[in-house]
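Right, one structure below, let's go through it.
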Ligand SMILES: Cc1cc2nc3c(=O)[nH]c(=O)nc-3n(C[C@H](O)[C@H](O)[C@H](O)COP(=O)(O)OP(=O)(O)OC[C@H]3O[C@@H](n4cnc5c(N)ncnc54)[C@H](O)[C@@H]3O)c2cc1C
């Protein structure tokens with residue numbers, strides 16, 4: 001072990017994961033559990049202390065199976081709330097009434113809701129605890145470059161050190177430096193929208209229902225947390241979002257009640273209000289020499305359909321399966337043809353979801369009368385088609401994909 005700047009790290013790893021967000025940590029947990037003697041490190045530019053992310057994520061049922069297979073869902077689920085129903089409404093800027101256009105019963109099977117709302121801090125906290133002692137956790141770290149050869153990849157650190165591995169996995173988020181170091185371009189655009197995110201306590205019960213109000217400036221979602229609390233993701237034009245963020249909470253709370261249509265009664269903000277700009281960067285390649293991209297580093301989609309982390313965790317399930325199969329067959333886990341199996345497995349699912357999400361954003365973020373009329377007719381028709389609704393809910397649960405083979409971990413099968 002080399003020891004510099006109070007950091008302990010080995011001369012060479014089998015795999016180094018860059019980025020200790022929910023996706024990178026899940027990758028580390030899967031490899032630690034099923035990768036037998038693989039030598040793994042995970043590094044982050046921030047410390048691995050208790051995270052402060054105030055967001056909560058809707059995790060699809062299939063994706064929670066990954067955590068179940070890792071043996072940690074029981075602990076995470078203590079802080080999760082099921083989503084048993086979903087109501088979608090559509091209103092114009094000046095509309096007073098808020099007709100219900102689409103309603104889903106959220107169970108894919110008896111007592112199996114299609115998704116759970118989980119605070120990000122719960123997922124991250126449990127994952128950090130799970131990998132402690134099994135994976136080298138290196139932080140804070142300042143990576144200034146990436147060097148690859150035929151047999152390995154090296155992270156170049158600001159202090160001149162190098163960290164070498166057979167394979168480097170980039171899970172360093174939407175603005176991934178590793179992606180840039182590898183010269184991988186992205187496609188996509190800036191929505192000019194931002195999400196105002198916070199947690200509210202409300203007077204009336206949410207009945208485990210997720211509400212999504214489509215409004216001209218973007219959707220407003222309230223998603224059920226434990227007790228009488230909900231997580232808000234309120235999409236607005238970026239300049240409005242920053243205005244709302246800087247308001248006194250006593251001024252903002254009645255505005256939230258109005259936008260929500262008073263369906264949950266009086267509300268109180270109980271978490272810091274944060275603003276996240278929404279962009280759509282999709283990497284043109286998910287792999288390069290000795291490098292694989294996962295999670296937001298590979299694709300960051302608009303949260304209108306709550307699929308970003310779900311897509312990232314599906315990457316984890318697919319890449320873990322590819323790597324562990326390769327290792328059992330005695331193959332080089334960082335070889336390009338092994339990594340290409342991962343890329344071809346995930347690319348189509350990601351492209352479909354990015355396209356569907358992008359279309360939803362454009363279809364619903366406007367107030368043009370004919371477009372509104374068409375989408376409302378569309379939603380009304382879907383609402384009257386139980387079979388279509390069932391298929392949509394199964395897809396949202398990540399147990400019945402529109403494309404490709406489902407990774408074993410999503411089916412609750414160990415690797
Ligand atoms: C408002 C909002 C609501 C959302 N709601 C949902 C939802 O309901 N359901 C859902 O599935 N998804 C949702 N998402 C998407 C979800 O939050 C992301 O997809 C998810 O956080 C991506 O995780 P990640 O680990 O890939 O990246 P991140 O969470 O961005 O983590 C990246 C990590 O890498 C580290 N890092 C970055 N650069 C470096 C570097 N150079 N060196 C070392 N470390 C580095 C960072 O410190 C961080 O810890 C939402 C997103 C937003 C913005």
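The values are calculated or read from the model by the stated rules, or taken from the named source; none is laboratory data. Just so it is clear, the structure is predicted and the values come from calculations on it, not from any experiment. When we count neighbours, we look across all protein chains shown, and the Cβ atoms used for this are built from the backbone with ideal geometry, even at glycine.
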Practice task
Give 230, 194, 250 a once-over and let me know the one that is more than 15 Å from the ligand (Cβ to nearest atom) and either in contact with a strand residue (DSSP E or B) (Cβ under 9 Å, 6 or more places away or on another chain) or not in a strand (DSSP E or B) (or both).
Solution key: 250
Fill in the blank from the handout: Among 67, 34, the single one that is at pLDDT 95 or above, crowded, with 21+ Cβ neighbours inside 10 Å and away from the ligand (no atom under 12 Å from the Cβ) is 67
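Per-residue answers, yes or no, for (1) within 13 Å of the ligand (Cβ to nearest atom); (2) closer than 15 Å to residue 48 by Cβ; (3) free of Cβ contacts under 8 Å to residues at least 12 places away in the same chain:
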{"site": "115", "(1), (2), (3)": "yes, no, no"}
{"site": "130", "(1), (2), (3)": "no, yes, no"}
{"site": "140", "(1), (2), (3)": "yes, yes, no"}
{"site": "156", "(1), (2), (3)": "yes, no, no"}
{"site": "159", "(1), (2), (3)": "no, no, no"}
{"site": "181", "(1), (2), (3)": "yes, no, no"}
{"site": "188", "(1), (2), (3)": "no, no, no"}
Exercise for the section: Report, by residue number, each residue of the range 125-142 that is surrounded by 14 or more Cβ atoms within 10 Å (Cβ to Cβ) and not in a helix (DSSP H, G or I). Expected result: 134, 135, 136, 137, 138, 139, 141
Practice task
For residue 108, indicate whether it is within 21 Å of residue 412 (Cα to Cα), in a strand (DSSP E or B) and at pLDDT below 90.
Solution key: yes
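For the range 295-306, check the following and say yes or no: at least one residue is more than 21 Å from the chain's Cα centre (by Cα), under 24 Å from residue 188 (Cα atoms) and at pLDDT 95 or above.
Within the range 295-306, not a single residue is more than 21 Å from the chain's Cα centre (by Cα), under 24 Å from residue 188 (Cα atoms) and at pLDDT 95 or above.
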Problem - Filter result for the condition that a residue is in contact with a helix residue (DSSP H, G or I) (Cβ under 9 Å, 6 or more places away or on another chain) and on the phi > 0 side of the Ramachandran plot, over 41, 36, 28 - result: 36
Completion exercise
Those residues of the range 269-326 which are more than 13 Å from the ligand (Cβ to nearest atom), in a helix (DSSP H, G or I) and crowded, with 19+ Cβ neighbours inside 10 Å amount to 317, 318, 320, 321, 322, 323, 324, 326
Completion exercise
Checked the range 149-163 for anything surrounded by 11 or more Cβ atoms within 10 Å (Cβ to Cβ) and either more than 11 Å from residue 12 (Cβ to Cβ) or under 28 Å from the mean Cα position of the chain (by Cα) (or both); matches are 153, 154, 155, 156, 157, 158, 159, 161, 163
Practice task
Any residue in the range 53-81 that's more than 10 Å from residue 123 (Cβ to Cβ) and without any contact (Cβ under 8 Å) to a residue 40 or more places away in the chain: show its pairings with residues that are outside any loop (DSSP other than H, G, I, E, B) and more than 11 Å from the ligand (Cβ to nearest atom) at Cβ separation under 7 Å, as long as the two are six or more apart or on different chains.
Solution key: 73/64; 73/67
